[in-house]
1. Do we find a residue being open to solvent by less than 10 Å² (accessible area, probe 1.4 Å), assigned to a helix (DSSP H, G or I), at pLDDT 95 or above and among the small types (Gly, Ala, Ser) anywhere in region 87-95?
2. Within region 44-97, which residues are more than 15 Å from ARG25 (Cβ to Cβ), touching a residue at least 24 places away in the same chain (Cβ under 8 Å) and of a type in the set (Ser, Thr, Tyr)?
3. All but one of (1) touching a Lys or Arg at 6+ places or on another chain (Cβ under 8 Å); (2) open to solvent by 20 Å² or more (accessible area, probe 1.4 Å); (3) modelled with pLDDT of 90 or more hold for LEU287; which doesn't?
4. Exactly one of (1) in contact (Cβ under 8 Å) with a residue 12 or more places away in the chain; (2) under 19 Å from the mean Cα position of the chain (by Cα); (3) open to solvent by less than 30 Å² (accessible area, probe 1.4 Å) is unmet by SER231. Its number?
5. For region 184-209, give me each residue that is more than 30 Å from the chain's Cα centre (by Cα) and surrounded by 13 or more Cβ atoms within 10 Å (Cβ to Cβ).
6. When region 34-77 is examined, which residues are found to be hydroxyl-bearing (Ser, Thr, Tyr) and open to solvent by less than 20 Å² (accessible area, probe 1.4 Å)?
Amino acid sequence: MLALSRPSEVIAAPDHGRRWIELGREWLVQKQRQGKYAGRNGYEVARVLGRTAVIAPHGPERTTEEDLFVLLSRLCPGAAPKTVRAYLGIWGSFLSWCGNWVVQESRIRERFPNRATRTPVVPPEDRDRILTAAVGQERIVTALLGVGRRRVELIRSRVEDFHLDRVPPDYGVREKGGHGEVSAVFPLPARLRSELAWYLPLRATWSSTCLSDSGHLLCRRDGGRLVGVSSAYADRLLHSAERRAGTALWPAHAFRRGVATMLRARGADWEDVSNVLGHRSPETTRLYVEPLVRRSRTASALELLELRVGGV
């Protein structure tokens, strides 16, 4: 188990600081049992909480937004936004485990945008061109991304999750955080249903010529076996379709953002967009999508300043 602080720091910590150490140790052990914060990441988390315990104005349960700014000014003065967000991420996870949602409710992380991180959004015209240009398994990848599915959900999908014979047709999604099991069911959109109609019989033919079959929707041959594919393999299929379409090489998650912003721009309410994305609440969706929509509107507004040659 990782120590949260050195003995000298424990002595220096005030009484409420020792509360950070005691609860932090319990929280970290629980996280590591779940396979999180292992190795180097675990040591970094332990270091952050140990340093926090020494200077924290209050115990974890009573920490306020003002306290967070005090901690940031002491522990990472002048740090890059990415570093600040990393600290806030650790505190947010730990404090919410303690029943204190101050990091999430104050939305303090939004005040430190990570400018180095791009959030590309596939525009509707590029999405349509890529869907049209895709061939083979590329068509399945782009069709699933085109309805807002995550890349991990593509990779985990199995043939048994798709039900074209039901009325109405639907499909199960093995969502992030669902431990690889189907955790949500969605109606099958017409485009995806059409792609599956030709692909599933073809895949069944491949399966019949193999010694074993993992059952994954996206698959490849590995000797005499039919096995699932990696994230890198799925990315290669996507980028192949994008090159064929002549568009930018959009990352997989850019399609999810594109679906969210497109739905919102075309009048879908937050609850509908949330349902499509599989978020837990419309508020989560709003926090995720609203900055993207705002950025798109700003770009459109700036285009109005461009000169129109031959215009009035």
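The values are calculated or read from the model by the stated rules, or taken from the named source; none is laboratory data. Model, not experiment: these values are computed from the prediction. Backbone-built Cβ (ideal geometry, glycine too); neighbour counts: all protein chains shown. Surface areas here come from the heavy atoms of the whole protein model, side chains and all, with no ligands, DNA or RNA. Shrake-Rupley method; radii C 1.70, N 1.55, O 1.52, S 1.80 Å.
1. no
2. Scanning region 44-97 gives THR63, THR64, TYR87.
3. (3)
4. All conditions pass for SER231, except number (3).
5. TRP206, SER207
6. Initial filter on region 34-77 (hydroxyl-bearing (Ser, Thr, Tyr)): 37, 43, 52, 63-64, 73.
Residues satisfying the conditions are THR52, THR63.
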